[in-house]
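Reviewing the structure listed below.
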Amino acid sequence: MPESSHQPWHRRAYSALRQSLRLKLIAVFLVLALGLSVMFLGGMQRAVGVGWRLAVAPLVSDYVNRLVAEIGTPPSVDRARALTLRLPISVDIEGPLVRWRSHADRGDRGWPHDEDWYGDSPQILERETVDGHRVSLGLGDLPWDRQPRLVGWFTLFTLLAFIALAYVYVRRLLRPLDDIRIGVQRFGKGEFDHAITVRRQDELGELAGQINTMADDLHKMLDGKRALLLAISHELRSPLTRARVHAELLPETGDNGPRRTALLRDLGEMRDMINDLLESERLSGSHVALHREPTDLRALVRSLVKDREPTVDVTLDLPTDLPSVGVDATRARLAVRNLLDNALRHGAGQLPPIVAVRHTAQAMVVTVRDHGPGVDPAHLAQLGQAFYRTDAARQRVTGGVGLGLHLARLVALAHGGSLSFRNANPGLEATLVLPISG
């Protein structure tokens, strides 16, 4: 289970808000709407309060005096009832002779008392008669007062509808960002066949067009680099072959013997380097032509070790029940050979390297481990990159030119597999995964 699923909901919500531009825009919209609403309602309440104190309150007070005078002294219940039938008001009479309420079943729900506006001043909707009765006026039956919940639910539904519409609009507004993100990931993998779709002619559309132009220029630059590297490699083969022929014609006796041997060794290394460069460019292409066939990896590894020099000691861990796997045998042999060469180079003088093959339901797994000093953990992630070497001296005799592990990685990727490294303490262990096919 992902670690984020164990976090409290508020932490997950905060993390999602920090990482989502859509949610940030929605949050800004909601905060802005809430702030404007609070400011508007506060301003309106302030304005209505000032208007009530300066204009409405005196008029209401005078009108209440007239209504109380119409009820009479002592208060007449019949006149009060007639007022409630004629006007949308309620009447409450408390006193020594008359005690009557027009809306006894409703409780105290009248107009706002004027202490809301005046503080401790007398209420403008209440009057004391000369005979000791208190007459209070309030609002009567109003249609909207009977269904306050309906108004509240309608307001909530409208607010949620506006939030949903805002989210849909923001999502549509930022849709080009999804196209740009997917396109950039595709370009990062070296897939330049499909450009980013330009949906609009605004700033995001202009950004998508500029990224497409940049990707096209990058694609042309990479193709030019590959073409130049292939051309140089092909052109070097002919003079290199002629040089090797001339070197082999040198006499093996006398002082020329060691020179001839050293020259042939250097020419062989140059030949292998050119072959590795050509093979890496073939495997780096978008469409790698693999010649898959049922291959016995157990026999392949044994044959590879047998072709080494007799003095080379390698420990094999090969189960007898390994099934055949559909791989490109030539490329698989190249990958295992390079991993073994790397183990022999860096584990010299220690225990012999170990080559093991295991199979799972989905893949064949080949591990090659040496018993050398290992690799600094900071360099593990870079192993397998072209021309990357962990030693700063970059000496051919100690570490090659950095193409062997790169080729092994390209072979794994071409088969849909992977190549990973870890420090085995002691030594370095390389794990080559080749998915089962056919």
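Quick note: the coordinates plus some simple rules give every number you see, no bench work behind them. Fair warning: this is a prediction, and the values are worked out from it, not measured in the lab. Glycine gets a Cβ as well: all are built from the backbone with ideal geometry, and neighbour counts include every protein chain shown.
Using modelled amide H (1.01 Å from N, peptide plane; none on Pro or chain starts), what sits under 5 Å from the amide H of HIS359, excluding residues fewer than 5 places away?
VAL365
Can you compute the modelled spin-label distance between ARG200 and ARG271, with each label point 7 Å from Cα toward Cβ, in nm?
Here the answer is 6.3 nm between the modelled labels.
Using 0.36 nm times the number of residues separating LEU41 and ALA262, minus their current alpha carbon distance, what extension gain do you get? All intermediate terms of the calculation are to be shown ahead of the outcome.
On the way: separation 221, 0.36 × 221 = 79.56 nm, distance 9.28 nm.
Result: 70.3 nm gained on full extension.
Mind checking the full-extension length gain between ALA104 and THR84? Use 0.36 nm per residue of separation minus the Cα-Cα distance, one decimal, nm.
Working it through step by step, the gained length comes to 5.9 nm.
Could you go through segment 165-170 in sequence order and give the Karplus-derived ³J(HN,Hα) for each residue, using 6.51 cos²θ - 1.76 cosθ + 1.60 with θ = phi - 60°, rounded to whole Hz, and x for Gly and Pro?
Rounded to whole hertz, the list is 5, 5, 5, 4, 5, 5.
For ARG11 and LEU229, what does the FRET efficiency come to when R0 = 60 Å and r is the distance between their Cβ atoms, rounded to the nearest 0.05?
Taking R0 as 60 Å, the efficiency between ARG11 and LEU229 is 0.75.
Using the basic label-point model (7 angstrom from Cα toward the beta carbon), what is the VAL31 to ASP376 distance in nanometres?
In this crude spin-label approximation the distance works out to 4.4 nm.
Provide the FRET efficiency to the nearest 0.05 for the LEU156-ALA69 pair, computing r from the beta carbons and using R0 = 41 Å.
0.35
Let's test the formula: R0 of 60 Å, r as the Cβ-Cβ distance of THR360 and LEU97. What FRET efficiency results, to the nearest 0.05? Write out the running numbers ahead of the final one.
Details: r = 101 Å, r/R0 = 1.68.
Between THR360 and LEU97 the formula returns 0.05.
Per residue of segment 89-102, in order, report the coupling 6.51 cos²θ - 1.76 cosθ + 1.60 (Karplus, θ = phi - 60°) as ³J(HN,Hα) in whole Hz, putting x for Gly and Pro.
Each residue's phi maps through the Karplus curve to give 10, 10, 10, 10, 10, 10, x, x, 10, 10, 9, 8, 10, 6 Hz.
Once amide H atoms are placed 1.01 Å from N in the peptide plane, what residues at a sequence separation of 5 or more from ILE124, or on another chain, have their amide H within under 5 Å of its amide H?
Sorted by chain and number, the residues that satisfy this are ASP114.
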